[in-house]
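Taking it in order: structure first as structure tokens, then the write-up.
The values are calculated or read from the model by the stated rules, or taken from the named source; none is laboratory data. Since we're looking at a predicted model, the values are computed, not measured. A quick note on method: Cβ atoms are made from the backbone with ideal geometry, for glycine too, and the neighbour counts reach across all protein chains shown. Side chains are part of the model used for accessible areas, which takes the heavy atoms of the whole protein and leaves out ligands, DNA and RNA. Shrake-Rupley method; radii C 1.70, N 1.55, O 1.52, S 1.80 Å.
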Amino acid sequence: MPVPKSTHQPPSRVSIEDPRPQVDCGRYAVKACVGDRVAVSALIFRDGPQALRAVARYRGPADAPWRETPMRRLGPEGGEDRWGAHFVVDAEGPWRWSIEAWTDDWASWCDELERKVAAGVADLDSELAEGAVLLRATAARSAVRGDDAGSLTATAALLEDSSATLGERTAAALDATLAKLYARHAARSGAAHMDPAGTVDVERERARFGSWYELFPRSFGGFAGVAEQLPKLAALGFDVVYLPPIHPIGLTRRKGRNNALVAEPADPGSPWAIGSADGGHKAVSRELGTIEEFDHMLAVAVENGVEICLDFAIQCSADHPWLREHPEWFNHRPDGTLKYAENPPKRYEDIYNVNFDCEDWRGLWAALLDVVDFWVERGVRIFRVDNPHTKPFAFWRWLIEDVRGRRSDVIFLAEAFTRAAPLRELAKLGFSQSYTYFTWKNSRRELEEYVTELAHSGMELYCRPNFFVNTPDILHAYLQEGGPPAFRARLILAATLSPSYGIYSGFESYENVPVQAGSEEYLDSEKYELKHRALDGPLLPLIGAVNEIRREHPALQRLDNVTFLPVENDALIAYAKTAEEETLIVVVNLDPHVPQEGIVIVPSRLGLPPVMEVRDLLGGERFSWRLGRNFVRLDPAVRPAHLLIVEPAP
């Protein structure tokens, strides 16, 4: 093998390996929000005993020069050769980070000198001369970059002064202030660099934390009626109000009540059958109001600190203008008929999917981007995307990068009820949040395993869950059979486990009747008929209290800080969440039918005192807890959970 070509110096003798955090070896960006501390680390080492120095380098979307922060050995927590540092991201957009590491000539020289002094070596003139050479070279650099040259040169002269005592010379050489001075102007010769640099996609806080409420506008009196409800929803602590499609609904093959194939004249149809003679994805249903009333609703939302999330569903009714203007965008059977949407055994005769493999796929992509841009220009900043896993991943990456490259505050939520690999891929390529399998995780083991995967397996680097407790399509058997206690338990689990969670209207009124036994569909589903709703459900006081607690306590605003606690009863689940100076302990009775009691074990690794006072944020009661075993009894008919905060020691 030929000698490596180099015009200046040999290859670096420093190695940088296993840099973290990375997703798929840097193929995708790590996610963060403004204000987050991004912890970076790597294995940094070299041949021989020489000392090393390293810095983490980073820059935001508006930064020209790189910023730096020193790295340190992590020691027992990370292994002998793992170094780490952190930096704070203070702006939205793409951030870059890297690592630079080099041999610390001065520290290496000092280490050798110290060992020789300790060994009683009397003649150190040659060693001190080497140190003087290092100092004079550093003084030359400092003359250009600062005013430290005089101090460095004076110390170099002292090291070379044979009239001074050996003790005076070595003490000057080993002075800590001199080491800092040298480090300020280090040459970094033979430095190694992390290549390629890592990427962090930084979004606003709402991408990580928020309380969502889903409602059908037609059941609240259209846009004007929703505008009237927004102050109430804000007072209940909701941050986002998600609206299913607001566009004109097709007449052809319109669905009737309970998904009947034939609609009665008064049936409003499914909002997901988008498009009529009134327009398509850039129009609003006249039954909901005018575009001006939509704009007014947005303005009221802003006044109340609430955001409106729109549904982005890439599908059309037979009456959508695109079928007439761009028939090439749709799937045709050999006999020329259009192929309607299916998800066996479900059939959607009123809906047609677009054909992403058509010859004019570029035109289709551009039209869909134009739809998103239309609503962004009107002030919408959050989109819930319907079934994104049935569309090309490359399309989503392109669309999200384009939109967020121009508007970094736009958030996309993936309704990806699909296999694990597609769900993860959508999160990696740019979706801010994702629906999850939480709805189907109801036992202690299921919850512990699933949340641990989300929070501690590496998924936390790129996938932000949104724990919706129910949806218009999902009424789990746990809610059907558990009555009001089941609703209260699921609310507390979702709101305290995940930084983002949501409920679909009707949850607060304990709606739990399926269309038939064994089905997760609602009887008289709101997807197919008009309901007359009001914010008056009996669960609303608890919802408001929980949302207020979430806003007041940073520990509930993160995912990766959860620690599950041992409990000597599988009907109870317990977990701790810590942030800054606070620790919360949540205990939930998963049995909605009978009281359950057991022992919750608080481990010492939480760093809590041996004996502590805890206060229940839901009811105000105070208890004395300790490290180790603590008795808990929860009656679901009274209160299914404790939400305890550890009080600071007096």
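Residues checked against (1) touching a residue at least 40 places away in the same chain (Cβ under 8 Å); (2) basic (Lys, Arg):
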| residue | (1), (2) |
| --- | --- |
| 167 | no, no |
| 192 | yes, no |
| 202 | yes, no |
| 208 | yes, yes |
| 216 | yes, no |
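All conditions but one from (1) open to solvent by 10 Å² or more (accessible area, probe 1.4 Å); (2) at pLDDT 95 or above apply to residue 612; the one that does not is (1). Just one of the listed residues (555, 545) is more than 22 Å from residue 480 (Cα to Cα), open to solvent by 20 Å² or more (accessible area, probe 1.4 Å) and hydrophobic (A, V, I, L, M, F, W, C), namely 545. For the range 320-375, give me the residue count where each residue is part of a strand (DSSP E or B), open to solvent by less than 60 Å² (accessible area, probe 1.4 Å) and of a type in the set (Asp, Glu). Residues meeting the conditions: 2.
The single condition among (1) touching a helix residue (DSSP H, G or I) at 6+ places or on another chain (Cβ under 7 Å); (2) in a loop (DSSP other than H, G, I, E, B) that residue 556 does not meet is (2). Of the set (1) open to solvent by 40 Å² or more (accessible area, probe 1.4 Å); (2) in a helix (DSSP H, G or I); (3) closer than 21 Å to residue 450 by Cβ, all apply to residue 417 but (2).
When the range 520-538 is limited to residues that are over 31 Å from the mean Cα position of the chain (by Cα) and of a type in the set (Asp, Glu), the one that is farthest from residue 473 (Cα to Cα) turns out to be 536. With respect to (1) hydrophobic (A, V, I, L, M, F, W, C); (2) farther than 30 Å from residue 407 by Cβ; (3) touching a Gly at 6+ places or on another chain (Cβ under 7 Å); (4) open to solvent by 20 Å² or more (accessible area, probe 1.4 Å), the lone exception for residue 71 is condition (4).
Restricting 93, 60 to residues that are open to solvent by less than 60 Å² (accessible area, probe 1.4 Å), touching a Ser or Thr at 6+ places or on another chain (Cβ under 8 Å) and not basic (Lys, Arg) narrows the list to 93. The requirement of being closer than 17 Å to residue 488 by Cβ, crowded, with 20+ Cβ neighbours inside 10 Å and more than 32 Å from the chain's Cα centre (by Cα) is fulfilled nowhere in the range 562-579; no residue meets it. Restricting attention to the range 74-83, the residues being crowded, with 16+ Cβ neighbours inside 10 Å and more than 27 Å from the chain's Cα centre (by Cα) number 1. Of the residues making up the range 214-221, none is at pLDDT 95 or above, in contact with a strand residue (DSSP E or B) (Cβ under 8 Å, 6 or more places away or on another chain) and small (Gly, Ala, Ser).
Taking the criterion of being open to solvent by less than 100 Å² (accessible area, probe 1.4 Å) and in a loop (DSSP other than H, G, I, E, B), the residues of the range 281-303 that qualify are 281, 282, 283, 284, 285, 288, 289, 290. The set of residues in the range 315-332 being in contact (Cβ under 8 Å) with a residue 12 or more places away in the chain and under 19 Å from residue 278 (Cβ atoms) consists of 315, 316, 317, 318, 319, 320, 321, 322, 323, 326. Residues in the range 522-541 that are open to solvent by less than 40 Å² (accessible area, probe 1.4 Å) and either under 21 Å from residue 260 (Cβ atoms) or in contact (Cβ under 8 Å) with a residue 40 or more places away in the chain (or both): 522, 525, 526, 527, 528, 529, 535, 539, 540. Residue 602 meets each of the listed conditions (1) within 19 Å of residue 484 (Cα to Cα); (2) out of contact with any strand residue (DSSP E or B) (no Cβ under 6 Å at 6 or more places or on another chain); (3) at pLDDT 95 or above; (4) buried (at least 16 other Cβ atoms within 10 Å of the Cβ) apart from (1).
The residue list 149, 132 contains one member that is under 20 Å from residue 51 (Cβ atoms), of a type in the set (Gly, Ala, Ser) and surrounded by 13 or more Cβ atoms within 10 Å (Cβ to Cβ), which is 132. The single condition from (1) buried (at least 19 other Cβ atoms within 10 Å of the Cβ); (2) more than 35 Å from the chain's Cα centre (by Cα) that residue 315 fails is (2).
Scanning the range 241-260 for residues that are open to solvent by 10 Å² or more (accessible area, probe 1.4 Å), under 18 Å from residue 314 (Cα atoms) and not in a loop (DSSP other than H, G, I, E, B) turns up just one, 249.
In the set 102, 106, only one residue is under 24 Å from residue 16 (Cβ atoms), open to solvent by less than 40 Å² (accessible area, probe 1.4 Å) and modelled with pLDDT of 95 or more; that residue is 102.
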